[in-house]
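Input: a single structure, listed below in structure tokens.
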Amino acid sequence: MQIESIGIYNAAGQNRLVRFHKGLNILTGWSGTGKSSLLDIAEFCLGRRQPTYPEGALTDAVTWFSITVEHDDTRVFVARPALPRGARSTQQAMIKVGAGGEEVEASELEVNADTATVREQLTRLLGMPGHDVRISTPYRAPLETTIGQALFYCFQAENEITNKNHLFHRADEPEEASAIRDTLPYFLGAAELSTVALRRQLDEARRDLRRAESRLARQANATERLDADVGALVTQARALGLLAAAEIDEVADPITLLREAVAANVEDEAELGDAPEQYRVTQSRQRELVERLLRTQEQAALARRFSAQRQLFETEVDEQRARLQTINLLPESESAGGGAHAATCPLCGSALPHNDVDSAALHASVRELDQRLAQVADLEPRAAAQLQAIEAEIDAVRAELREADRELAALAAGEVALQEARDVARRRAYLQGMIVAYLETARAGDDDPALEREVAALRARVDELDSLVDLDEQRQRVASMLQFVSRDMTRYAQALRLEHSEHSVRLDAERLTVIADTPTGPIELARMGSQANIVGYHLVAHLALHRWFVQQGRPVPRFIFFDQPTQPFYPDEVMTVADEEISDEDRTRVAELFALLRDVAAELAEFQIIVPDHANLPDDWFQQAVVENWRNDQALVPADWL
């Protein structure tokens, strides 16, 4: 199978075709003209669901993509509608047998198939019998050998041809790398599809067995831990009162005891009393009593100060009266005005020149003091009684305060007990939750017999498949065939003067890489030095494989895309200038590279090599291989489409 043309359609119905022929096809041009998009379009039209073509001119101007392939004089036209912006994948397609891109008008484009149909038709065209080589499992989708697996050997994208870690197309995707590894023996011819399928099933059975054995081991460890935990849970349930001591004996089933502990009633906090409210009421009464005591003590203090002041007054008055007591030595006047004695001296009795009224005033003062003392004497019993009543009230308030203090102390002790009871209730509830989780885990472990049966069945399946598949013989056949491939790889590598090619170069089918065997040991592709070496080994590995596929008539399309193989020699800054700006040594290496492609394509008469690249060598043979030159405003998408 080879590519006859790749085309694009626009909304106006115009068609742009890029035609190819057998042998070497070079599409040269400057950067940004759409050369690399040809590989993306080809892969998309051949059935890939997720397109890799870039957004921009293609998504703005193109409505349909197409490819025409030819195999044994049968032409097949496949077209795919362009993906709307924002969409990630599509399965829509059109397929038409017996027609080419120049014969299908835009008005005829319609969806009449999907990607599965396209790949099924092309797989039959290649003569590849469809066969599942990997059974469906919960971990991996079934793998059916179609042209999709063969195309892994037909594309080397721009970022893949320089990749030192991955040799094959999409090998950086683990699922696709596994598919390449699984089907390579078939495409080499070392195994039939049925044998490949059995080997794949054996690998899957072994993987499933390892997973099942791992689950069984984890379950056994979990069971041991559960057995160790059950005794501790029973002990805690007994300590917290979820189990009565009488319920536990040496023969009691611990699982039954744990279920009883879960079913035990946990005392609700609401039933634990209302001590906090009583405490608040008593505390409030205590504050009122303290305030009352303070007021009463203040009244008592006032009463005592009054009594002290009364006594002080009484003493002062009494002292004054004592000082005036001498007035009794004088005769009292006969009248207020002094009477007959007013003009007589009270001491000597002699006549005074005028009346003397002082003695009468003194007698009046004495009488006034006597009255005041009598009044004070009348107040004393009442003041004493009042003070006694106040002191009695103070004693009563103090007694009530002592009672309130005792009640608060009792309530505080009750609050501690209440908190402890609540803590116990919470601990019981928490433990019951732990027991429920334990019982769920223990219930999950009830499937142990089923898991053991699964492991036994998988072991029997592995033994059965192992007896049907002779892996040693298949490995020997693969190794034998790869010796011929490796011989061609070494020859091509020496033609390109690649490092480490002076000894032997081979393909590792298990690790999907190139290895150079040297006197100091094997060197993998990832350690082969410069980018020129990496690109060179990508080229020689795929050329040698395709030479084997062609010679052995294997069902692999007879074309390969090498996108930008001269990247190591054309730096980015000269990709849009004349080729004369690269060095003579690099020009020689570029010429050797294209000469190898030319010679291999000529040797394999039915083989097609498509190379989008910047190089444009002046040699006649190079120019004869150029199918299009995208310079001077020439590109994949015509300017008038934009």
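So what are the radius of gyration and Dmax for the Cα set of region 485-642, in Å?
17.0, 60
Identify all lysines with a Cα-Cα distance to K164 below 29 Å; exclude those on the same chain that are fewer than 8 residues away in sequence.
Candidates past the 8-residue exclusion: K35.
Taking the Cβ of T74 as the centre, find all other residues whose Cβ is under 13 Å away and add up their charges (Lys, Arg: +1; Asp, Glu: -1).
After counting each charged neighbour, the total is -1.
Show log10 I(q)/I(0) for region 510-555 at q = 0.19, 0.25 Å⁻¹, two decimals, from a solvent-free Debye sum over equal Cα scatterers.
Taken in order of the listed q values, log10 I(q)/I(0) reads -0.69, -0.93.
Between E108 and T74, what length in nm is gained on full extension when 0.36 nm per residue of separation is reduced by their alpha carbon distance?
Contour length minus the Cα-Cα distance gives 10.2 nm.
Please state the charge dipole magnitude for region 1-141, taken about the Cα centre, from unit charges on C-beta atoms (+1 on K and R, -1 on D and E), reported in debye and rounded to the nearest 20.
Magnitude of the dipole: close to 520 debye.
If you scale each eigenvalue of the Cα gyration tensor by 5 and take the root, what three semi-axes come out for region 1-125, rounded to whole angstrom and sorted largest first?
Taking √(5λ) for each Cα gyration eigenvalue gives 20, 18, 14 Å.
Check each of the trypsin sites (Lys or Arg not before Pro) in region 489-560 and keep only those in coil by DSSP with at most 15 other C-beta atoms within 10 angstrom; list them in order.
Passing sites in region 489-560 are R497, R511.
Please report the base-10 log of the normalised intensity I(q)/I(0) for region 11-60, using a Debye sum with one equal scatterer per alpha carbon and no solvent, at each q in 0.13, 0.25 (1/Å).
Evaluating at q = 0.13, 0.25 Å⁻¹ gives log10 I(q)/I(0) of -0.38, -1.24.
For K164, K35, what's the largest-to-smallest order of accessible area, 1.4 Å probe?
K164, K35
Suppose the Debye formula is applied to equal point scatterers at every Cα of region 584-623; what is log10 I(q)/I(0) at q = 0.33 Å⁻¹?
Evaluating at q = 0.33 Å⁻¹ gives log10 I(q)/I(0) of -1.26.
The values are calculated or read from the model by the stated rules, or taken from the named source; none is laboratory data. All figures in this text were calculated on a predicted structure; none of them were measured in a lab. A quick note on method: Cβ atoms are made from the backbone with ideal geometry, for glycine too, and the neighbour counts reach across all protein chains shown. Accessible surface areas use protein heavy atoms only, side chains included; no ligands, DNA or RNA. Shrake-Rupley method; radii C 1.70, N 1.55, O 1.52, S 1.80 Å.
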